[in-house]
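One structure below.
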Amino acid sequence: ARQASAVRPVEQAARILRSGGLVAFPTETVYGLGADAANDEAVRRVFAAKGRPADHPLIVHFAAPEDAARWAARWSDDAEKLAAAFWPGPLTLIVPKAAHVSDVVTGGHSTVGVRVPDHPVAQSLLRSFGGGLAAPSANRFGQVSPTTAAHVAIELADRVDLILDGGACRVGVESTIVDLSGETPRLLRPGGVSLESLEATLERPVSIGGDTAAPGTLPSHYAPRARVLAVAAEDLQSTLAREAASGAVVRELALPADPAAAARALYAALRELDEVGVDVAVVALPDPSGLGRAVADRLLRAAAPRPQ
């Protein structure tokens, strides 16, 4: 019988993973839905549990940088610099995949995303398991990412074999994704490591944008059921008044001014909109620098037109 809501030992979670099961576990960014990245059938269960398109690649998590490097056909100087500076931590590196890496994990792409999370429960699980865990966010595809074990249970309790509870996530938004597969490093998704920090470490510019197949880069993503309007700060009050006049249930989505605090609060705030029955949420976009870039990115994707 599944014990989805119980807190169970890491060793049991590792046994479940080795047997092809699914385990939700905390990272510093959001909770991940983990499967043995070397077991194609287990990885397919992740796609099925999330309702995730099969061509949308998964990030593989490791206990140590040297483990991640073994999944790369080429480990560049840039990869070495970024791994040394930010791992364990909220950074994913896209690298050419080694021959043994399955197309099921990479969505058929020639690259693989790897990272080393900085959370004691994630680290303990990865060391106990002894391999790579393919782990997207532990929520239904396109919806709001979970930052507590309770969020996971609400969405996936009947689709996961075990949930490890590690408390609320410290960062609160997903990892930064940097593509190192080409000549120039590219920021595909802003996250817990800022663009400014990346450029300071590499001592050269990092370009922005590119492969839309990277995790979390679809135009509409991280979205609650409520309609989200992300506006400039000077337009906040007039937008609230206009939407309230339409008869909708309207609320300002007020986030802390500090970007790190805003990132931690963001997904719980988006989930609360649906819990209390808000029709329209209006939010002022933060300054897109530092961690504010990641918060603004998630708000704009939450506000994007939904797929029909």
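For the stretch 72-86, the set of residues classified as surrounded by fewer than 21 Cβ atoms within 10 Å (Cβ to Cβ) and touching a residue at least 24 places away in the same chain (Cβ under 8 Å) consists of ALA73, SER76, ASP78, LYS81, ALA85, listed by residue number. Residue count for the stretch 12-54 satisfying the condition of being of a type in the set (A, V, I, L, M, F, W, C) and open to solvent by 40 Å² or more (accessible area, probe 1.4 Å): 3.
So that you can scan it fast, the table gives a plain yes or no per residue for (1) touching a residue at least 12 places away in the same chain (Cβ under 8 Å); (2) hydroxyl-bearing (Ser, Thr, Tyr); (3) surrounded by fewer than 21 Cβ atoms within 10 Å (Cβ to Cβ); (4) within 21 Å of LYS50 (Cα to Cα):
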residue: SER207; (1), (2), (3), (4): yes, yes, yes, no
residue: TYR222; (1), (2), (3), (4): yes, yes, no, yes
residue: LEU236; (1), (2), (3), (4): yes, no, yes, no
residue: ALA263; (1), (2), (3), (4): yes, no, no, no
residue: VAL283; (1), (2), (3), (4): yes, no, no, no
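Looking at the stretch 134-177, which of its residues are assigned to a strand (DSSP E or B), within 14 Å of the chain's Cα centre (by Cα) and modelled with pLDDT of 95 or more? Correct list: ALA134, SER137, THR176, ILE177. Of all the numbered requirements in (1) assigned to a strand (DSSP E or B); (2) of a type in the set (Ser, Thr, Tyr); (3) touching a helix residue (DSSP H, G or I) at 6+ places or on another chain (Cβ under 6 Å), THR92 misses one, and that requirement is (3). With respect to the numbered conditions (1) touching a Ser or Thr at 6+ places or on another chain (Cβ under 9 Å); (2) under 25 Å from PRO305 (Cβ atoms); (3) open to solvent by 30 Å² or more (accessible area, probe 1.4 Å); (4) hydrophobic (A, V, I, L, M, F, W, C), which one is the sole condition not fulfilled by PHE141? All conditions pass for PHE141, except number (1). Total residues in the stretch 285-307 satisfying the condition of being open to solvent by 10 Å² or more (accessible area, probe 1.4 Å) and within 19 Å of PHE141 (Cβ to Cβ): the figure is 8.
Okay, residues lined up against (1) in a strand (DSSP E or B); (2) crowded, with 19+ Cβ neighbours inside 10 Å; (3) at pLDDT 95 or above:
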residue: GLY182; (1), (2), (3): no, no, no
residue: LEU188; (1), (2), (3): yes, yes, yes
residue: VAL193; (1), (2), (3): no, yes, yes
residue: GLU196; (1), (2), (3): no, no, yes
residue: THR201; (1), (2), (3): no, no, yes
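The values are calculated or read from the model by the stated rules, or taken from the named source; none is laboratory data. Treat the numbers as computed from the prediction; the structure is a model and nothing was measured. Here the Cβ is made from the backbone with ideal geometry for all residues, glycine too, and neighbour counts use every protein chain on show. Ligands, DNA and RNA are stripped out before the accessible areas are found, and what is left, the full protein with its side chains, is counted by its heavy atoms. Shrake-Rupley method; radii C 1.70, N 1.55, O 1.52, S 1.80 Å.
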